[in-house]
Amino acid sequence: MTELQLLGPRAYGQALGSAVLKATAEDFQVDEVLDIPLSGDGEHLWLWVEKRGLNTEEAARRIAKAAGVPLRTVSYAGLKDRQALTRQWFSVQLPGKADPDMSAAENDTLKILKQTRHKRKLQRGAHAANGFTLRLTELKGDQAGIDERLKTIAQQGIPNYFGAQRFGHNGGNLVDARDWAARKALPEQRNVRSRLLSTARSYLFNQVLAARVADGSWQRAQVGDLLAFTDSRSFFPAGEAECSDPRLAILDLHPTGPQWGEGDSPASGVTQALEQDIAAREADLRDWLIKAGMSHERRILRLPIGGLTWHYPEPDILQLEFVLPAGCFATVLVRELVDLVPVGQTDSPCVF
């Protein structure tokens, strides 16, 4: 499947050129932002880890082996890209044990930058945000146009699509999810089940967002919408007064879309009609999510880009720095600027 099928239309028009992302791990850097004061004591050892070319799950396995503990006692807040240079926290439960020698976990792909104790383990989703530094190399395109679009994005945000990586290579995760949904069955392996259910929910959300990007309503509240603040998981219905709330204009408050689960869409009016219609078109996926016991949640449709800055270290290199809330995708920002070209294939852009 193409990215256009998995995500939806761009918000600001066609790509303004092409570029390469991740020619090296340093071209895609991620720093986890964790707003938790660590106590310095307790049965959980927290590790600030830098990894390169290594996924989060493999890093957790190496940490568990070095610490001599079961993998289930190692926790992390979120998954980070393999093809990247990332820094994130892990915690290891060590009741009544001294700090182990963690050097066996380290090599060129994993470094432990610091460690401290805390009374609680690190919970999934506990990080507040992720800071990104991206370098787009072999850039070809309209630099003045790119600068203007970045100014617009800084002021207006972008559609909060789930990125293509959520769906696997060529949408393979979605193909697998459809297969399990058609059979009305669930994978036995917990990690596979979680991945495919997440894929199905993400696809339904993207379809709703794509429809609202197409009709221009993704940035504004309409009666019947459910609204949420950028960093909140709670939501409330929009009436006439809320549709002109000044917090919408400053990118603090946003319309939301469905993370599908049990029950009808809690939205109303035209918003509910759209969401129910898209879910009905994907009845197998909808019913599969409900059977799995997923609860209905909401995700903001519009993604504000925190602290967005950019410069050109070389004429054909664009460096971007910004912060996104946890669970949001940096590649969705890149998609609003340029088509990405596979490394070593500068004549073959990946058109979204």
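State whether the stretch 198-306 is rounded, prolate or oblate according to the following rule on the C-alpha gyration tensor (a ≥ b ≥ c being the square roots of its eigenvalues): a/c under 1.5 gives rounded; otherwise a/b larger than b/c gives prolate, and the remaining case gives oblate.
Note, shape of the stretch 198-306 comes out prolate.
Skip the ligands, DNA and RNA, and give the accessible area per residue of the stretch 56-200 with a 1.4 Å probe, whole Å².
51
In the chain, what percentage of the DSSP-assigned beta bridges are antiparallel, given to the nearest 5?
Around 90 percent antiparallel, to the nearest 5.
What shape does the chain take by its C-alpha gyration tensor, where a ≥ b ≥ c are the square roots of the eigenvalues and a/c under 1.5 counts as rounded, a/b above b/c as prolate, and the rest as oblate?
oblate
Quick query: amide H of Ala77 versus all other amide H atoms, modeled in the peptide plane; which residues come in under 5 Å with a sequence gap of 5 or more or a different chain?
Counting only residues 5 or more places away or on other chains, the set is Trp89.
Ignoring ligands, DNA and RNA, how do Asp41, Asp27 rank by accessible area with a 1.4 Å probe, largest first?
Most to least solvent-accessible, the answer reads Asp41, Asp27.
At what distance in nm do the modelled label points of Asp245 and Asp215 sit from each other, each positioned 7 Å from its Cα along Cα→Cβ?
2.1
Any idea of Glu297's accessible area? Nearest 10 Å², probe 1.4 Å.
Looks like 80 Å² after rounding.
Kindly give Rg over Rh for the stretch 36-166, based on alpha-carbon atoms, with the Kirkwood expression for the hydrodynamic radius.
1.09
Determine the dipole magnitude for the chain: charges of +1 sit on the beta-carbon of Lys and Arg, -1 on that of Asp and Glu, nothing else is charged, the reference point is the Cα centre, and the result goes in debye to the nearest 20.
1200
In percent, how large is the relative contact order of the chain, given Cα pairs closer than 8 Å and 6 or more residues apart?
With pairs under 8 Å counted, the relative contact order is 24 percent.
Given a 1.4 Å probe and every protein chain left where it sits, what share in percent of the accessible area of the stretch 239-352 is carbon and sulfur?
51
The values are calculated or read from the model by the stated rules, or taken from the named source; none is laboratory data. Here the structure is a predicted model, which is why all the values come from computation and not from measurement. Glycine gets a Cβ as well: all are built from the backbone with ideal geometry, and neighbour counts include every protein chain shown. Protein only, heavy atoms only, side chains kept; ligands, DNA and RNA dropped before computing areas. Shrake-Rupley method; radii C 1.70, N 1.55, O 1.52, S 1.80 Å.
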